[in-house]
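**Q** Mind looking over this structure? Questions follow.
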Amino acid sequence: MGIVEFFQWQWSGYSQAHQNRTNLLIHLLAVPAFIVSAVCLVVAIARLSPVAVVLSAAAMLASVALQVRGHKLEQSQPRPFKSRFDFVRRVLAEQFFTFPRFVLTGRWFNNFTANR
């Protein structure tokens, strides 16, 4: 599957897998935390700061762990990961592209207000 098809595939089921209000709120906090932590990780690596590398990586893992917990609240579960590569690819795509797109297109708000 090419990159365009991959993003289309991830987007096609995204709204359905993000319906629960608690999960939506978790994502609204955890995804930006992941993005900031990823930027901090790159800076920490560039500065050769092992403590900052560990803290940034830990924050990224905590963000993903929170999102996993949030997904357990959903009736529609994400498709299982096929491999480690699939896990990394899907997580990075969700954090940097798919979830921001979900928010910016108004679908996050629509799902949040539709599920009271």
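**Q** How charged is the neighbourhood of His27? Take every other residue with its Cβ under 15 Å from the Cβ of His27, and add Lys/Arg as +1 and Asp/Glu as -1. Please list the in-between numbers first.
**A** Details: positive: Arg21, Arg69, Lys72, Arg90, Arg101, Arg107; negative: Glu74, Glu94.
Taking every Cβ under 15 Å from that of His27, the sum is +4.
**Q** Whole-Hz Karplus ³J(HN,Hα) for segment 20-33, in order, using 6.51 cos²θ - 1.76 cosθ + 1.60 and θ = phi - 60°, x for Gly and Pro?
**A** 5, 4, 5, 4, 4, 5, 4, 4, 4, 8, 6, 5, x, 5
**Q** Can you tally the net charge around Phe99? Count Lys and Arg as +1, Asp and Glu as -1, for every other residue whose Cβ sits under 13 Å from the Cβ of Phe99. Can you show the working numbers first?
**A** Values: positive: Arg90, Arg101, Arg107; negative: Glu94.
Result for the neighbourhood of Phe99: +2.
**Q** Divide by every residue of the chain the summed helix terms, -39500 (n - 2.57) for each DSSP H run of at least 4, and state the resulting mean residue ellipticity at 222 nm, rounded to the nearest 500 deg cm²/dmol.
**A** Details: 6 runs with 82 residues, N = 116.
Result for the chain: -22500 deg cm²/dmol, rounded to the nearest 500.
**Q** For Ile3, what charge total do you get from the other residues with a beta carbon under 15 Å from its beta carbon, if Lys and Arg give +1 and Asp and Glu give -1? Write down the numbers at each step before the final one.
**A** Numbers: positive: Arg89, Arg90, Arg101; negative: Glu5, Asp86, Glu94.
Within the 15 Å Cβ shell, the charges total 0.
**Q** What's the FRET efficiency of Gln77 with Val36 using the Cβ-Cβ distance as r and R₀ = 25 Å, to the nearest 0.05?
**A** Working: r = 27 Å, r/R0 = 1.09.
Efficiency computed from Cβ-Cβ geometry: 0.35.
**Q** Mean projection of the alpha-carbon convex hull of segment 49-115 over all orientations, in nm²?
**A** Values: hull surface 23.4 nm².
That works out to 5.8 nm².
**Q** Compare Val39, Val51, Val31 in a GNM of the chain, Cα atoms joined below 10 Å, and give the one with the largest fluctuation.
**A** Highest fluctuation among the options: Val51.
**Q** What is the chain's relative contact order, in percent, from Cα pairs under 8 angstrom and six or more apart in sequence?
**A** It comes to 41 percent, rounded to a whole number.
**Q** Any idea what the alpha-carbon Rg over 2.2 N^0.38 Å comes to for the chain? List each step's numbers first, then the result.
**A** Numbers: Rg = 14.9 Å, N = 116, 2.2 N^0.38 = 13.4 Å.
Output field value: 1.11.
The numbers here are math on the coordinates, done by the rules we state, and not lab data. Not measured: the values here are computed from a predicted model. Note that each Cβ is placed from the backbone with ideal geometry, even for glycine, and that neighbours are counted across all protein chains shown.
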